[in-house]
Amino acid sequence: MPELPEVETVREGLARWVVGRTISAVGVAHPRAVRRHVAGAEDFADALLGRTVTDALRRGKYLWLPLDSGDAILCHLGMSGQMLVQPPDAPDEKHLHVRIDFTDGGEQLRFVDQRTFGGLSLSRDGAELPPEIAHIARDPVDPGFDDEAFVAAMRRKKTEVKRALLDQTLISGIGNIYADEALWRAKLHGRRATNKLTRPLVRTLLGHVRDVLAEALKAGGTSFDALYVNVNGQSGYFDRSLNAYGRADEPCARCGTPIVREAFMNRSSYFCPRCQRRPAS
DNA sequence: CGCGCCTCCTGTGTGC
DNA sequence: TGCACACAGGAGGCGC
């Protein structure tokens with residue numbers, strides 16, 4: 001599922017294939033894909049027409065394409081969204097929702113999304129940070145990320161550490177997969193209370209978060225099926241390097257104890273019951 | 001206001 | 001064989 005490494009891989013593809021090109025046509029096939037643009041699909045298309053894409057930027061799991069008008073195309077991939085660069089004569093994908101043509105007549109940009117949790121919208125101020133995502137915290141690979149402020153904020157919270165890692169207003173870019181991986185590396189159970197974690201423990205956890213995100217980015221992200229791909233339709237291969245996520249009943253790479261899967265927040269958590277001791281309670 | 005639960009959505013896999 | 005249901009989960013919204 002697209003978390004920071006996957007979205008960053010897509011951003012890099014957009015920077016390479018889309019930046020500098022001028023939009024000549026916009027087709028919205030599925031209005032749900034632009035539902036966050038309250039003025040509607042037609043207004044969305046009109047604002048893009050004739051504009052040149054000037055950059056490809058990202059914060060956490062959001063990415064946006066600033067335009068020469070000062071607007072930006074804001075994008076969230078949700079669970080299954082894809083930004084694909086495709087030749088104009090390529091057959092329509094089954095869940096093709098938005099198609100963008102360019103004046104050079106070259107590859108189209110296509111937004112494809114099976115589960116429709118993702119979408120595009122138009123931000124009226126995209127040069128710095130779209131106001132729609134001002135509540136999203138900096139992500140841990142952002143040079144402006146403040147480690148000490150994060151450590152303090154984490155320890156102020158009254159919640160469980162995995163919930164905190166998934167809280168995009170505290171630290172962005174982490175989803176269920178990399179939360180489990182970072183917790184496994186830090187030997188912390190996801191249900192540990194944030195306000196009882198020591199400062200060094202939170203710093204160590206943050207280090208593991210950065211490590212796993214960087215390693216996954218190197219591998220082009222994690223793909224379990226064809227739902228996450230880069231702009232050229234290729235899967236990442238970090239799934240081979242996962243130690244906890246999706247590995248229920250397989251031996252822990254550190255101690256051999258079978259990895260446990262349990263329900264958490266209407267989804268699943270995977271952890272080693274020996275390396276990651278569950279807190280008393 | 002902070003925290004946590006619910007809901008949106010569709011394809012795949014499983015069990016009866 | 002076919003149907004019903006669980007599961008995958010990011011994030012906004014709402015209730016407590």
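Laid out as a table, the results:
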| quantity | calculated |
| --- | --- |
| Residues of the range A:242-281 satisfying the condition of being polar (S, T, N, Q) and surrounded by 14 or more Cβ atoms within 10 Å (Cβ to Cβ) | A:Asn243, A:Ser268, A:Ser269, A:Gln276 |
| In the range A:59-68, the residues that are surrounded by 17 or more Cβ atoms within 10 Å (Cβ to Cβ) and either in contact (Cβ under 8 Å) with a residue 60 or more places away in the chain or assigned to a loop (DSSP other than H, G, I, E, B) (or both) | A:Arg59, A:Gly60, A:Lys61, A:Tyr62, A:Trp64, A:Leu65, A:Pro66 |
| Matching residues, the range A:93-114, being within 15 Å of DNA strand B (Cβ to nearest atom) and either of a type outside the set (D, E, K, R) or touching a residue at least 40 places away in the same chain (Cβ under 8 Å) (or both) | A:His95, A:Leu96, A:His97, A:Phe111, A:Val112, A:Asp113, A:Gln114 |
| Of the criteria (1) buried (at least 19 other Cβ atoms within 10 Å of the Cβ); (2) more than 16 Å from DNA strand C (Cβ to nearest atom); (3) of a type outside the set (Lys, Arg), which one A:Asp46 fails | (1) |
| Segments classed as helices (runs of 4 or more DSSP H), wholly inside the range A:142-199, with at least 3 members that are assigned by TED's automatic domain parsing to the domain that holds A:Val212 and within 14 Å of DNA strand B (Cβ to nearest atom) | A:147-156, A:161-166 |
| Test: residue in the range A:129-137 that is over 19 Å from the mean Cα position of the chain (by Cα) and away from DNA strand B (no atom under 15 Å from the Cβ) | no |
| Qualifying positions in the range A:230-281 - touching a strand residue (DSSP E or B) at 6+ places or on another chain (Cβ under 8 Å), assigned to a loop (DSSP other than H, G, I, E, B) and farther than 24 Å from A:Glu8 by Cα | A:Arg247, A:Ala248, A:Asp249, A:Glu250, A:Cys252, A:Thr257, A:Ile259, A:Cys272, A:Pro273, A:Pro279 |
| Residue satisfying condition, being over 14 Å from A:Leu65 (Cα atoms) and within 16 Å of DNA strand C (Cβ to nearest atom), within set A:Val151, A:Val85, A:Val112 | A:Val112 |
| Number of the exception - A:Gly119 against (1) surrounded by fewer than 18 Cβ atoms within 10 Å (Cβ to Cβ); (2) small (Gly, Ala, Ser); (3) under 19 Å from A:Leu4 (Cβ atoms) | (1) |
| Filter result for A:Gly221 (at negative phi and surrounded by 13 or more Cβ atoms within 10 Å (Cβ to Cβ)) | no |
| Options A:Val161, A:Val229, A:Val202; residue that is buried (at least 21 other Cβ atoms within 10 Å of the Cβ) and at pLDDT below 95 | A:Val229 |
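Yes/no matrix, rows are residues, columns are (1) touching a Gly at 6+ places or on another chain (Cβ under 8 Å); (2) of a type in the set (Ser, Thr, Tyr); (3) not in a loop (DSSP other than H, G, I, E, B):
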{"position": "A:Leu14", "(1), (2), (3)": "no, no, yes"}
{"position": "A:Val19", "(1), (2), (3)": "no, no, no"}
{"position": "A:Ala25", "(1), (2), (3)": "no, no, yes"}
{"position": "A:Ala39", "(1), (2), (3)": "no, no, no"}
{"position": "A:Leu74", "(1), (2), (3)": "yes, no, yes"}
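The values are calculated or read from the model by the stated rules, or taken from the named source; none is laboratory data. Being a predicted model, the structure only gives us computed values, none of them experimental. Using ideal geometry, Cβ is built from the backbone for each residue, glycine included, and neighbour counts are taken over all protein chains shown.
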